[in-house]
Amino acid sequence: MRALFVDANDTLAAVTEKLLQGDKLPVGINRNPAITSDDLPRLMDGVEIMIVDHTAVPTAVAAQCGALKHIVFLGTGARSYMNPDQLAERGIAVHTIKGYGDTAVAECAIALMWASAKSFGEMDRGMREGNWLRRDALQLTGKTLGLIGFGGIAAEAARMAAGCGMKVIAWNRTPKTHPGVEFVSLQKLLAESHVISLHLLLNDETKGFLSRERIAQMRPGNILINTARGAVVDEDAMLDALRSGHIAHAGLDVFTVEPLPAGHPLTKLPNVTLSAHSAFRTPEASDNLVGAALDHCRRIIANGR
């Protein structure tokens, strides 16, 4: 059996080559992150395992990859790029990778929180244009951070926020406990949090989870942070809340459509800090991510199917 990393950027290609040194694992690297779905049947001709970073894999396209039996997706959000259930019906297993960048993504969430609270992005833009743009800031010490969804990333964010002197509360779809974190109802979290950070996987149940109704229940003047997936938020409702000031500021690393289109309404609002879905992009996280993908390939090849 053979594997191919179909859409490796320069960074991930270099990490893959480094981790494969001295290893006879049959993994090829296609150094072209700009491929499209239509390129996949040609690239995957005779190859059983696809490693994919960001390219959509429609079921109809996967069906044209005759030898394909396994897709190793670099991350947890495979459903944003493919339909694992449909693929499973065709005998193609989808493997995801969890926990590889918990610290990196949590650091990004906390950084976006601070940047949002201090309006750094707006002041930076203004000063570059020659304006002495001063903004009042929110002091975060003593404020409440509400975490919606509580896995490894949220646990890391809770640790960091506690170190900043914040009170941390959380809501999770299944009961959990964690030192220093008070688990509350979703309604209580929305009403009491000065900062809300989203940590939900995207699936049919969580799409549009932060709805217009739930946004209306949020504490007026709150800060919203999203490093999860753009589609877990009703984007139109969020835009309206940002315009009205009900959401004072949003720090966003993920979007409903990526890359974010030029001229998108979010780019026109001063009270939004934008990051290009890069929360996980640290050397440590990349090593963990690619290493886990190669471990998947080893297990698949060892099993022979």
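Quickly run through the stretch 114-136 and pick out the residues that are of a type in the set (S, T, N, Q) and open to solvent by less than 50 Å² (accessible area, probe 1.4 Å). Selection gives 116, 119.
With respect to residue 285, is the statement that it is open to solvent by less than 60 Å² (accessible area, probe 1.4 Å), among the aliphatic types (A, V, I, L, M) and touching a strand residue (DSSP E or B) at 6+ places or on another chain (Cβ under 8 Å) true? When the stated conditions are applied, residue 285 does not pass them. Quick check on my filter: what residues within the stretch 48-66 are open to solvent by 10 Å² or more (accessible area, probe 1.4 Å) and in contact with a strand residue (DSSP E or B) (Cβ under 9 Å, 6 or more places away or on another chain)? Matches in the stretch 48-66: 48, 53. With the structure loaded, tell me whether residue 211 is hydroxyl-bearing (Ser, Thr, Tyr), closer than 23 Å to residue 153 by Cα, open to solvent by less than 70 Å² (accessible area, probe 1.4 Å) and modelled with pLDDT of 95 or more or whether it fails that test. Yes; evaluated as a whole, the condition is true for this residue.
Filtering 234, 253 for residues that are open to solvent by 40 Å² or more (accessible area, probe 1.4 Å), under 22 Å from the mean Cα position of the chain (by Cα) and among the acidic types (Asp, Glu) leaves a single hit, 234.
Only residues that are under 30 Å from residue 99 (Cα atoms) and in contact (Cβ under 8 Å) with a residue 40 or more places away in the chain were counted across the stretch 249-271, and they come to 5.
Sub-8 Å Cβ pairs linking a first residue in the stretch 117-140 that is at positive phi to a second residue that is surrounded by 12 or more Cβ atoms within 10 Å (Cβ to Cβ) and in a loop (DSSP other than H, G, I, E, B), at least 6 apart or interchain, are 119/135; 119/137; 119/271, ordered by first then second residue. Considering every residue within the stretch 137-157, establish whether at least one is open to solvent by less than 60 Å² (accessible area, probe 1.4 Å), of a type in the set (Asp, Glu), at pLDDT 95 or above and closer than 30 Å to residue 287 by Cβ. Yes, that holds for at least one residue. The set of residues from the stretch 3-28 being exposed (fewer than 14 other Cβ atoms within 10 Å of the Cβ) and in a helix (DSSP H, G or I) comprises 10, 11, 18. When the stretch 162-193 is limited to residues that are in a loop (DSSP other than H, G, I, E, B) and open to solvent by 60 Å² or more (accessible area, probe 1.4 Å), the one that is farthest from residue 214 (Cα to Cα) turns out to be 179. Residues that are part of a loop (DSSP other than H, G, I, E, B) and either free of Cβ contacts under 8 Å to residues at least 24 places away in the same chain or at positive phi (or both) within the stretch 36-65 comprise 36, 45, 46, listed in sequence order. The criterion of at least 2 residues that are acidic (Asp, Glu) is met by the following helices (runs of 4 or more DSSP H) wholly inside the stretch 204-305: 235-244, 283-303.
For the structure I just gave you, tell me whether residue 196 is in contact (Cβ under 8 Å) with a residue 60 or more places away in the chain, in contact with a helix residue (DSSP H, G or I) (Cβ under 8 Å, 6 or more places away or on another chain), crowded, with 19+ Cβ neighbours inside 10 Å and part of a strand (DSSP E or B). No; evaluated as a whole, the condition is false for this residue.
Scanning the stretch 219-231 for residues that are surrounded by 21 or more Cβ atoms within 10 Å (Cβ to Cβ) and farther than 15 Å from residue 202 by Cβ returns 222, 223, 224, 225.
The values are calculated or read from the model by the stated rules, or taken from the named source; none is laboratory data. This one's a predicted model, so the numbers in the text were calculated from it and none came from an experiment. Methodologically, a virtual Cβ is constructed for each residue, glycine included, from the backbone with ideal geometry; neighbour enumeration extends over all protein chains shown. These area figures cover heavy atoms from the full protein model, side chains too; ligands, DNA and RNA do not enter into them. Shrake-Rupley method; radii C 1.70, N 1.55, O 1.52, S 1.80 Å.
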